[in-house]
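S.K.: Here it is: the structure, laid out below.
The values are calculated or read from the model by the stated rules, or taken from the named source; none is laboratory data. None of these values were measured; they are calculated from a predicted model. All Cβ positions, even for glycine, are placed from backbone atoms using ideal geometry, and neighbour counts span all protein chains on display. We work out accessible area using only protein heavy atoms, side chains counted, and drop any ligands, DNA or RNA first. Shrake-Rupley method; radii C 1.70, N 1.55, O 1.52, S 1.80 Å.
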Amino acid sequence: DGSGIRQLTHDLGYDGGPFFSPDSKRIVYRSWHPESPAEAARYRSLLAQDSVEPMALQIRTMGLDGKNRIQVTDNGAANFAPYFHPDGQRILFSSNMGDPAGRNFDIFLIGENGKGLEQVTFCPSFDGFPMFSRDGRRLVFASNRANGSPRDTNLFLAEWMEDAAGNSPLSAEAGSGQSPIAD
């Protein structure tokens, strides 16, 4: 009914795109906070115009009360659309970290502790907004691959397969540059 609203973040900067962990005890989100007076002034100036500009967004987690914040990524890239794996230990997200020009986004998987980064998609165009099915057997994501026009985006449903140790699909293909979701 919209009652009981409580703000969880209060720092100057951008926080957005939140999703709950599978156990509903944590939140994963994207964020950017100014690191200098000049960045803060620029951010405030844009807000006064109801605008923001593209920036390096990092993936973070926090408790339901907004405490125990952990920065998961620290790569200077635009990271967004984080979503927990059903195991609650890993996070899928989209990033342009692999493209020096910053235009191509692929999907990555990382441990909640910021370790074990793996690239999941290898497509020369946009891949983003990944989400797991509740059982972790399916992955849905948006992509500009196989599109009819340059700006068309399609949805793809892929089977997510892991080995008995819980390694993602890339683990068996380490170093080969191949993925079950490769273009």
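S.K.: Filter region 26-68 down to the residues that are under 25 Å from residue 131 (Cα atoms) and among the hydroxyl-bearing types (Ser, Thr, Tyr) and list them by number.
M.R.: Selection gives 29, 31, 61.
S.K.: Looking at (1) outside any loop (DSSP other than H, G, I, E, B); (2) open to solvent by less than 90 Å² (accessible area, probe 1.4 Å), which is the one condition that is false for residue 12?
M.R.: Of everything listed in (1) outside any loop (DSSP other than H, G, I, E, B); (2) open to solvent by less than 90 Å² (accessible area, probe 1.4 Å), residue 12 misses just condition (1).
S.K.: While we're here: Would you mention how many residues in region 22-57 are assigned to a loop (DSSP other than H, G, I, E, B), open to solvent by less than 40 Å² (accessible area, probe 1.4 Å) and closer than 22 Å to residue 5 by Cα?
M.R.: Residues flagged as assigned to a loop (DSSP other than H, G, I, E, B), open to solvent by less than 40 Å² (accessible area, probe 1.4 Å) and closer than 22 Å to residue 5 by Cα within region 22-57 amount to 0.
S.K.: Exactly one of these conditions fails for residue 13: (1) in contact with a Ser or Thr (Cβ under 8 Å, 6 or more places away or on another chain); (2) of a type in the set (Gly, Ala, Ser); (3) modelled with pLDDT of 95 or more. Give me its number.
M.R.: If we test residue 13 against (1) in contact with a Ser or Thr (Cβ under 8 Å, 6 or more places away or on another chain); (2) of a type in the set (Gly, Ala, Ser); (3) modelled with pLDDT of 95 or more, just (3) comes out false.
S.K.: Among (1) under 13 Å from the mean Cα position of the chain (by Cα); (2) over 25 Å from residue 90 (Cα atoms), where does residue 27 come up short?
M.R.: Single failed check for residue 27: (2).
S.K.: Please go through region 58-85 and pick out each residue that is open to solvent by 40 Å² or more (accessible area, probe 1.4 Å) and more than 15 Å from residue 121 (Cβ to Cβ).
M.R.: Those that are open to solvent by 40 Å² or more (accessible area, probe 1.4 Å) and more than 15 Å from residue 121 (Cβ to Cβ): 60, 64, 65, 67, 68, 69, 70, 71, 74, 75, 76.
S.K.: For region 100-125, give me each residue that is in contact with a Lys or Arg (Cβ under 8 Å, 6 or more places away or on another chain) and on the phi < 0 side of the Ramachandran plot.
M.R.: 109, 110, 111, 112, 123, 125
S.K.: Mind listing just one residue for me: the one in region 46-88 that is among the β-branched types (Val, Ile, Thr) and farther than 22 Å from residue 103 by Cβ and, of those, farthest from the chain's Cα centre (by Cα)?
M.R.: Of region 46-88, the ones among the β-branched types (Val, Ile, Thr) are 52, 59, 61, 70, 72-73.
Narrowing the set further to residues that are farther than 22 Å from residue 103 by Cβ leaves 61, 70, 72.
Working: 61: 11, 70: 14, 72: 10 Å.
Among those that are among the β-branched types (Val, Ile, Thr) and farther than 22 Å from residue 103 by Cβ, it is 70.
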